[in-house]
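For reference, the structure is listed below as structure tokens.
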Amino acid sequence: MIVAFLGCSSDSSDNSNSCTPIPCYNGGTSNADCGCDCPYGYEGINCSIQKVPTSILITKIRVLQFPNKTLSNSSWDLAGNAPDITIKLQKGIKPFELLYESPSFFPDAVSNSATAYNFIPSIPIDITDINSPYIISILDYDQSDAIVSEDDYMGGIIFDIYKQGNNFPATITVKNTDSQLEFELSLSYLY
């Protein structure tokens, strides 16, 4: 009769239940399996891969700067007052697709470093083509019950809403100092 005893000694250096934790990136946290639990928007063994969103929602547009006068130094408004500002957002590929036009305006708006004008869509603006360029424009609203005329185009900026590796900012700034325009867009992401 042959008797065999198999087992592990307590002083064995081979411990198959242990593992070496890996570093987790982009706010990922180590888990019990020595892997990473990734935050929303990231994937991969160490959370180093930024997912590509299927949609980006614009929840607010802040107008931070605009030209107070025309290039010829005259008033934008027909009555000679400060402009009554409104905004619109278009897809920047012809034919231009209007995505948002504010139903309201700010009367007699003045651009200065202390004042911002908030446009909050009743339904977030859903950007599904995240790799397309977009155009944001500001206009002097010139329509009233007494006078109907075309709104004055005060300026616009072409911009990209998404950049791979930008870590999903909650806000982006769209700015052109030459045309004295600056906007801040509040964003959320869907995957």
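The single residue among 161, 123, 136 that is assigned by TED's automatic domain parsing to the domain that holds residue 68, within 15 Å of residue 58 (Cβ to Cβ) and free of Cβ contacts under 8 Å to residues at least 12 places away in the same chain turns out to be 123.
Filter the stretch 28-55 for residues that are in a loop (DSSP other than H, G, I, E, B), β-branched (Val, Ile, Thr) and under 30 Å from residue 129 (Cβ atoms) and give the result. Those that are in a loop (DSSP other than H, G, I, E, B), β-branched (Val, Ile, Thr) and under 30 Å from residue 129 (Cβ atoms): 52, 54. Can you tell me which residue in the stretch 81-103 is modelled with the lowest pLDDT, limited to those that are touching a Ser or Thr at 6+ places or on another chain (Cβ under 9 Å), of a type outside the set (Ser, Thr, Tyr) and more than 13 Å from residue 152 (Cα to Cα)? Selected residue: 93.
The values are calculated or read from the model by the stated rules, or taken from the named source; none is laboratory data. Quantities reported herein were computed from a predicted structural model and do not represent experimental measurements. Using ideal geometry, Cβ is built from the backbone for each residue, glycine included, and neighbour counts are taken over all protein chains shown.
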